[in-house]
1. Among the listed residues B:K76, B:K94, which satisfies the condition of being over 18 Å from A:T88 (Cα atoms), basic (K, R) and modelled with pLDDT under 95?
2. Would you confirm, using the coordinates I've provided, whether B:V80 is within 14 Å of chain A (Cβ to nearest Cβ) and closer than 30 Å to A:D60 by Cβ?
3. Looking only at residues that are more than 11 Å from DNA strand D (Cβ to nearest atom) and assigned to a loop (DSSP other than H, G, I, E, B) in region B:16-36, which one is surrounded by the fewest Cβ atoms within 10 Å (Cβ to Cβ)?
4. Which condition number in (1) at pLDDT 95 or above; (2) not hydrophobic (A, V, I, L, M, F, W, C); (3) not in a helix (DSSP H, G or I) is the one that B:K83 fails?
5. Return the residue satisfying two criteria in turn: it lies in region A:49-103 and is within 28 Å of A:I8 (Cα to Cα) and of a type in the set (V, I, T), and of such residues it is surrounded by the most Cβ atoms within 10 Å (Cβ to Cβ).
6. Which number in (1) more than 14 Å from DNA strand D (Cβ to nearest atom); (2) more than 30 Å from B:L65 (Cβ to Cβ); (3) within 14 Å of chain B (Cβ to nearest Cβ); (4) not acidic (D, E) marks the one condition that A:G5 misses?
7. Check off (1) in contact with a helix residue (DSSP H, G or I) (Cβ under 7 Å, 6 or more places away or on another chain); (2) in a helix (DSSP H, G or I); (3) away from DNA strand C (no atom under 16 Å from the Cβ); (4) of a type outside the set (F, W, Y) for A:E78 and give me the number that stays unchecked.
Protein chains: 2
Amino acid sequence: MNQFGEQIRLLREQCGLLQRQVASQVEMDIPMLSKIERGERNAKREQVTTFSKIFNFPEDELLSLWLADKVFEVIKNEDVALKALSVTENELRKMKMLSENSH
Amino acid sequence: MNQFGEQIRLLREQCGLLQRQVASQVEMDIPMLSKIERGERNAKREQVTTFSKIFNFPEDELLSLWLADKVFEVIKNEDVALKALSVTENELRKMKMLSENSH
DNA sequence: CTATATTTGTCAATATCTGGCAACTCTATT
DNA sequence: AATAGAGTTGCCAGATATTGACAAATATAG
């Protein structure tokens, strides 16, 4: 439900860093980092990259968690959540196939 | 990419209705319906229900398309789009299992 | 040319997001 | 019990985005 923030906190603790130290590197204030770790606010796209560099952790992994949180936010209250995901997935695959055939 | 709007338009045409006629039932103006059909604007949650009633078409189907469009909007620009979807899917299943066990 | 259907562009009002700060809690130290 | 450091909570003003509404443009058919 807040996979990105949890991962960030985990990585920060594994690196033995304080919020103060990480926050300054990402150029945000400490309360903001606290909120991101607890899922009260979303990080910005560029900050995901910065986090991955600070913790030397694959950006794709972080990005997936960050996106997943945003997707979850969209569908969480609907019964057809899972169905909607698979509709999106199909559409995405269709698009990918089209773009692959065109070059 | 605009699955909801396309479906709405299709249903409207199958019912032989004009935008003017549908718009008044959904209580929106005609330009707005036009934009929704072309994916330039999003319908509101309640309007999805209204559409399903007007066209006598399963709400779940429409809702899935409507949600899928919103999800697509979130992930469309990222390489890890598909991966992010499966992360969300797993999280969703996990939640569902937890809530099923508690009653 | 006229009428009707649809699309496009624009704009103010409203809602949402963002960054930043002050104040608070909690824990450990002296 | 006072101080200090780490993290949290609440709040607010400025920036951004979304919305509904309307006028005008385009398209199509008679």
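1. The unique qualifying residue is B:K94.
2. The answer is yes for B:V80.
3. The residue in question is B:G16.
4. (3)
5. Step by step, filter region A:49-103, then rank; the result is A:T88.
6. It is condition (1) that A:G5 fails.
7. In the conditions (1) in contact with a helix residue (DSSP H, G or I) (Cβ under 7 Å, 6 or more places away or on another chain); (2) in a helix (DSSP H, G or I); (3) away from DNA strand C (no atom under 16 Å from the Cβ); (4) of a type outside the set (F, W, Y), A:E78 misses (2) alone.
Conditions tested, residue by residue: (1) closer than 15 Å to B:A81 by Cα; (2) more than 11 Å from every other protein chain (Cβ to nearest Cβ).
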{"site": "A:E13", "(1), (2)": "no, yes"}
{"site": "A:Q19", "(1), (2)": "no, yes"}
{"site": "A:D69", "(1), (2)": "yes, no"}
{"site": "A:M97", "(1), (2)": "yes, yes"}
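The values are calculated or read from the model by the stated rules, or taken from the named source; none is laboratory data. Note that the structure is predicted; figures quoted are calculated from it, not measured. Heads up, the Cβs are rebuilt from the backbone with ideal geometry, glycines too, and the neighbour counts pull from every protein chain shown.
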